[in-house]
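Peer 1: Attaching a single structure in structure tokens format; questions to follow.
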Amino acid sequence: MLLVDSDPQGNATTGLGVKKSLDKTSTYDVLVGGASPEDAIVATDMEGLDLLPADKNLVGANLEIVAVEQRERLLKNALSGIRDRYAYILIDCPPALDLLTLNA
């Protein structure tokens with residue numbers, strides 16, 4: 001199973017014991033920087049659960065992707081190459097209706 005933390009607060013990330021770090025590739029880098037999910041996904045201490053972590057940079061993604069073509073499909077397109085690796089992909093959304101939520 002893969003958990004995608006798409007909330008800039010990153011509570012799913014810290015709740016799973018993964019330290020947020022601006023030096024690590026995150027959901028922000030996948031959405032804005034064109035990084036591959038494989039570069040960002042980390043294993044958690046829970047067997048069978050991987051995480052695509054969030055960090056505070058994700059708060060700026062809404063503004064940075066406004067002018068991007070098909071901006072509401074960035075996450076779907078990024079995850080399309082790894083969908084067959086996971087039986088389930090869960091997405092933790094921010095508590096707002098914004099581009100991050102639309103992507104989820």
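The values are calculated or read from the model by the stated rules, or taken from the named source; none is laboratory data. All values derive from a computational prediction rather than experimental measurement. Cβ placement follows ideal geometry from the backbone for every residue including glycine, while neighbour counts extend to all protein chains displayed. Heads up: the accessible areas ignore ligands, DNA and RNA and are worked out on the full protein's heavy atoms, side chains in. Shrake-Rupley method; radii C 1.70, N 1.55, O 1.52, S 1.80 Å.
Peer 1: Quick one: if you stick a label point 7 Å off each Cα along the C-beta vector at V66 and R83, how many nm between them?
Peer 2: Placing both labels 7 Å beyond Cα along the Cβ direction yields 3.0 nm.
Peer 1: Return a whole-number percent for the relative contact order of the chain, with Cα pairs under 8 Å and 6 or more residues apart as the contact set.
Peer 2: The normalised contact order for the chain reaches 39 percent.
Peer 1: Moving on. Take the range 34-104, compute every pairwise Cα distance, and split them into 5 Å bins from 0; I just need the percent in each bin.
Peer 2: 3, 13, 25, 28, 18, 9, 3, 1
Peer 1: Looking at the chain as a GNM with Cα springs under 10 Å, which of A61, A43, A87 has the largest mean-square fluctuation?
Peer 2: The residue that fluctuates most here is A87.
Peer 1: Follow-up. Just to verify a number: what accessible area does S80 come out at with the full protein assembly present, 1.4 Å probe, Å² rounded to tens?
Peer 2: 70 Å²
Peer 1: Next question. Calculate how many DSSP beta bridges within the chain are antiparallel, expressed in % of all such bridges and rounded to the nearest 5.
Peer 2: In the chain, DSSP labels about 20 percent of beta bridges as antiparallel.
Peer 1: Hey, can you find the accessible area per residue of the chain for me, probe 1.4 Å, expressed in square angstrom?
Peer 2: That works out to 58 Å² for each residue.
Peer 1: Hand me the trypsin sites (Lys or Arg not before Pro) from the range 9-104 located in a DSSP loop with no more than 11 other Cβ atoms within 10 Å, in residue order please.
Peer 2: Answer in residue order: K19.
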